[in-house]
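Q: Questions regarding the structure given below will be posed in turn.
The values are calculated or read from the model by the stated rules, or taken from the named source; none is laboratory data. These numbers come from a predicted model, not from an experiment. Neighbour counts are summed over all protein chains in view; Cβ atoms, including those assigned to glycine, are modelled from backbone coordinates with ideal geometry.
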Amino acid sequence: MARSFLEWVRAARRKYPLRDVAHVTLPHHAVAMMASYVLRPHRAPLATDLEARDPEALDLVLEGARFLGRHWFRAEIEGVEHVPREGAALLVGNHNGGFLTFDTYLTLAAIAEAQGLERAVRPLAHDFVFDDPILRRWAQMFGAIQAGHAPARAALARGDLVLVYPGGDVETFRRFRDRGRIDLGGRVGFVKLALRTGVPIVPVVSVGTHEQLVILSRGDAVAKLFHLHAWARTEVFPLALSVPWGLTSAFLPYLPLPAQTTVAFGPPLHFGRGDAEDEGLVRRCADQTIAAMQTLLDRLSQGRTPWLGRTGRRLGA
């Protein structure tokens, strides 16, 4: 790490007070936040503050991500040179790991390492993140914006990179045995955004992050039975094996298993500006994007031993 561990802890405590860390990470607080979100009437989308990004706070998070990447996940990065150094682009990723999103942190760390902290990457985050004041402040500090076309278009208009996981809960909670399959749940909003703005799509695929816990069931039928989409904005109610809880809901925070992880960026796909209402065009662009992502994932998965992975260039090596 760029600074000593004690220096990092002191700096982190200034940006992220212990009471806030406890509020976000302790299981009973996580359950309380989730209950508050689903029981209260949802408010209108919040205005996105693109000026709230705090490079110093982001750097602290990414130092932690790099440390975990090297020593816990033995992370490897491939193809980061495909990310444009200038101008807007839409980074489209496969989502893994359930409640925790280490694929996002490793992606941000790889781009910051290659292009510097001044290159703004804007992950799109679920409404739940912006419902809680502490989570919202943290998310905005490291550049996240509320999921939606209007905030994403505002960020792209500035020339920023926007990181989106179209599969959302459907993909991040897919069964462990389906970890080698791209599943965007039929969602094509990202293509419409790319066509309306004319920005390229850069596929981002990770392997290993879906081995940090073992998801046994996505719980689609349970979610449909209880109409979870209407009052919790989720289409799943997943069941998983995780540390330290054992058999439990995958909505709980967990200690990720030390699965070797690789994040790979593919060559940009240039669709240009087009008619976002043309269903045939949108479907063709979506299929091409999914095919590129699946090809990347197939290559990364070939010859891979679960949890052990393969040898290669590590993050920050």
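Q: Name the pairs whose Cβ atoms lie under 9 Å apart, with the first residue in the stretch 278-291 and under 16 Å from Gly167 (Cα atoms) and touching a residue at least 24 places away in the same chain (Cβ under 8 Å), the second surrounded by 13 or more Cβ atoms within 10 Å (Cβ to Cβ) and polar (S, T, N, Q), and 6 or more positions between them or separate chains?
A: Final answer for the pair search is none.
One line per residue, one yes/no per condition, for (1) under 26 Å from Ala259 (Cβ atoms); (2) surrounded by 19 or more Cβ atoms within 10 Å (Cβ to Cβ); (3) touching a helix residue (DSSP H, G or I) at 6+ places or on another chain (Cβ under 8 Å):
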| site | (1), (2), (3) |
| --- | --- |
| Ala114 | yes, no, yes |
| Arg137 | no, no, no |
| Ala144 | yes, yes, yes |
| Asp178 | yes, no, no |
| Leu195 | no, yes, yes |
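Q: Say whether the condition of being out of contact with any Asp or Glu (no Cβ under 7 Å at 6 or more places or on another chain), surrounded by fewer than 21 Cβ atoms within 10 Å (Cβ to Cβ), under 22 Å from Val191 (Cα atoms) and not acidic (Asp, Glu) is met by at least one residue in the stretch 87-109.
A: yes
Q: Would you tally the residues in the stretch 194-209 being at positive phi and touching a strand residue (DSSP E or B) at 6+ places or on another chain (Cβ under 8 Å)?
A: Of the residues in the stretch 194-209, the ones at positive phi are 198, 208.
If we keep only those that are touching a strand residue (DSSP E or B) at 6+ places or on another chain (Cβ under 8 Å) too, we end up with 208.
Going through the stretch 194-209 one residue at a time, the tally reaches 1.
Q: Within the stretch 248-259, identify whether any single residue is free of Cβ contacts under 8 Å to residues at least 40 places away in the same chain, surrounded by 12 or more Cβ atoms within 10 Å (Cβ to Cβ), among the hydrophobic types (A, V, I, L, M, F, W, C) and touching a Pro at 6+ places or on another chain (Cβ under 7 Å), and answer yes or no.
A: Yes, the conditions are met somewhere in the stretch 248-259.
Q: Within the group Thr289, Thr262, which residue is more than 23 Å from Gly98 (Cβ to Cβ), surrounded by 19 or more Cβ atoms within 10 Å (Cβ to Cβ) and at pLDDT 95 or above?
A: Sole residue among the options that is more than 23 Å from Gly98 (Cβ to Cβ), surrounded by 19 or more Cβ atoms within 10 Å (Cβ to Cβ) and at pLDDT 95 or above: Thr289.
Q: Pairs, please: C-beta under 7 Å, at least 6 apart or cross-chain, first residue on the phi > 0 side of the Ramachandran plot and among the hydrophobic types (A, V, I, L, M, F, W, C) and in the stretch 76-88, second surrounded by fewer than 17 Cβ atoms within 10 Å (Cβ to Cβ) and assigned to a helix (DSSP H, G or I)?
A: none
Q: Of all residues in the stretch 236-280, which are more than 30 Å from Arg218 (Cα to Cα), assigned to a loop (DSSP other than H, G, I, E, B) and either aliphatic (A, V, I, L, M) or under 22 Å from the mean Cα position of the chain (by Cα) (or both)?
A: Selection gives Pro267, Pro268, Ala276.
Q: Another question, if that's okay. Would you be able to say whether some residue in the stretch 159-167 is acidic (Asp, Glu) and surrounded by fewer than 16 Cβ atoms within 10 Å (Cβ to Cβ)? So that I can check it myself, show each step before the final result.
A: Quick first cut of the stretch 159-167, residues acidic (Asp, Glu) only: 160.
Within this subset, residues satisfying the condition of being surrounded by fewer than 16 Cβ atoms within 10 Å (Cβ to Cβ) are none.
So far as the stretch 159-167 goes, no, none of its residues is acidic (Asp, Glu) and surrounded by fewer than 16 Cβ atoms within 10 Å (Cβ to Cβ).
Q: Can you tell me which residue is nearest to Ala30 (Cα to Cα) among those in the stretch 73-106 that are part of a loop (DSSP other than H, G, I, E, B) and charged (D, E, K, R)?
A: Arg74
Q: Let me ask something else about it. Checking Leu239 against (1) closer than 23 Å to Asp169 by Cα; (2) of a type in the set (A, V, I, L, M, F, W, C); (3) crowded, with 16+ Cβ neighbours inside 10 Å; (4) out of contact with any Leu (no Cβ under 8 Å at 6 or more places or on another chain), which test does it fail?
A: Answer for Leu239: the failing condition is (4).
Q: Okay, moving on. May I ask you to list pairs of residues, at least six apart or on different chains, whose Cβ atoms are under 9 Å apart, with the first in the stretch 112-132 being among the basic types (Lys, Arg) and the second being at pLDDT below 80?
A: Close Cβ pairs satisfying both conditions: Arg122/Thr48.
Q: Can I ask one more? Would you be able to tell me the number of residues in the stretch 107-134 that are in a helix (DSSP H, G or I), touching a Phe, Trp or Tyr at 6+ places or on another chain (Cβ under 9 Å) and closer than 15 Å to Val202 by Cβ? Talk me through it step by step, then tell me what you get.
A: As a first pass, look at the stretch 107-134 and keep what is in a helix (DSSP H, G or I): 107-115, 127-131, 133-134.
Still in the list and also touching a Phe, Trp or Tyr at 6+ places or on another chain (Cβ under 9 Å): 107-108, 110-111, 127-129, 131.
Next, from what is left, pick out any that are closer than 15 Å to Val202 by Cβ: 107-108, 110-111.
So the answer is 4.
Q: Which count do you get for residues in the stretch 221-236 that are crowded, with 16+ Cβ neighbours inside 10 Å and not hydroxyl-bearing (Ser, Thr, Tyr)?
A: Of the residues in that region, 6 qualify.
Q: Yes or no: Thr197 at pLDDT 95 or above and more than 15 Å from Asn94 (Cβ to Cβ)?
A: yes
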